[in-house]
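These notes concern the structure reproduced below.
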Ligand SMILES: *Cc1c(COP(=O)(O)O)cnc(C)c1O
């Protein structure tokens, strides 16, 4: 078992996340087959969506993609220092003083402006190196990227820069996971129009990439040369409604352990604010994790967990370091029982999407919100229940 270096505890914690590396490989292969002949830049930003930046990147690198994608310089630096040698695209915005570090660590920059392009040329020329860049075009996301009307000027500037190599031109979709395809179709049309710059001038076409998970699942017209899936590699669909055109499975299981189980007579409130009071004698159990671990406080009085293969409701408010569960009056739940927060136990499963719904958010926020206080354990092969009696 390998522990994430960022959280490696000296003593075991009864709350942990287990990452199934075989499932991660299977998801990668499923996406690879679905998008072929396009290639893939697996997205490992935000600690690989909570799954462990270095572990996920090493695994993906071994599967042979043309590169990986992260959000920030610092994530790329961590990967380089961990020995990842493949191309790494940093998709986020560029802070000019960071440019020498991008060059030093051979990280691919995203360029969205002529100011950045000029600063990169100057820094690369000063160091006598050639900077690899992907140009980002804002075709409708309204975030990073040069506006379509400014793209030709930026391409002119970059092509006139001796120390810059434009490897790709890419864009990002704002509504790819939604049922209405109109904006996606508009963005594809804008993107095609912008990159016609190269064909019109008889220049070689840079690599093109546009698709996130939503687009991989429902817009094959976005595949171009490369796709950039994140969430789906971790086995989670962006929404419940999206067509499940690629067969993937969850990689992460979040577990804890009952640390106290006690009878609670009717009428006694539970947790801060006394927002929940049993109207019958019951048994309350304490789970040693809370919003300080990334379990959303909005799951208070709304969420459920699995114990002994059954769903049980969260009782009262989620605290920073613990929350309580109503195990019911006729229960044999006891100290030491496994609690599943996200994942399967017996016949039951709780998905990241379900937790997200309780918290009025999206599965992305739940997964990336699992804090560094929660140790990650990695395994190959089928799940072994941590307790034999489940
Ligand atoms: C996060 C991100 C992705 C991956 O998105 P998913 O919905 O997780 O597949 C792709 N491209 C960019 C620019 C991103 O920021």
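Laboratory data are not the source of any read-out in this text; all were calculated from the coordinates shown. Just so it is clear, the model here is predicted, and its values are computed rather than measured. In this analysis, Cβ positions are derived from the backbone assuming ideal geometry, glycine residues included, and neighbour counts consider all displayed protein chains.
Take the Cβ atoms of residue 371 and residue 74, set R0 to 25 Å, and the FRET efficiency comes out at 0.90. The mean sequence separation of alpha-carbon pairs under 8 Å and at least six residues apart, normalised by the residue count of the range 37-234, gives a relative contact order of 19 percent.
Looking at the chain alone, DSSP beta bridges between its own residues are antiparallel in about 55 percent of cases.
If you take all C-alpha pairs in the range 252-379, what percent of them are over 24 Å apart?
Considering the range 252-379, 22 percent of its Cα-Cα pairs are separated by more than 24 Å.
With neighbour counts taken as other beta-carbon atoms within 10 Å, the residues 245, 257 rank, fewest first, as 245, 257. Structural descriptor for the range 36-152: relative contact order 17 percent, calculated from alpha carbon pairs under 8 angstrom and at least 6 residues apart. The ranking of 260, 217 from fewest to most other beta carbons within 10 Å of each one's beta carbon is 260, 217.
Spatially, the range 134-174 and the range 15-71 are offset by 26 Å when compared through their Cα centroids. Peptide packing: for 127-133, 22-28, the average count of neighbouring Cβ atoms within 10 Å per residue gives the ranking 22-28, 127-133, highest mean first. Among 222, 351, 253, 275, a tally of other beta-carbon atoms within 10 Å of each Cβ gives an order, fewest to most, of 275, 351, 253, 222. Across the chain, the mean sequence separation of Cα contacts (distance under 8 Å, 6 or more residues apart), normalised by length, yields a relative contact order of 19 percent. Each peptide in 196-206, 177-187, 302-312 was scored by the mean count of other Cβ atoms within 10 Å over its residues; highest first, the order is 302-312, 177-187, 196-206.
In the range 37-234 the Cα-Cα distances spread across 5 Å bins starting at 0 as 1, 8, 17, 20, 21, 17, 11, 5, 1, 0 percent of all pairs. Computed over the chain, the range of Cα coordinates on each principal axis works out to 79, 45, 39 Å, biggest value leading.
Annotation for residue 361 and residue 182: the two label points, set 7 Å from Cα along the Cα-Cβ direction, are 3.1 nm apart.
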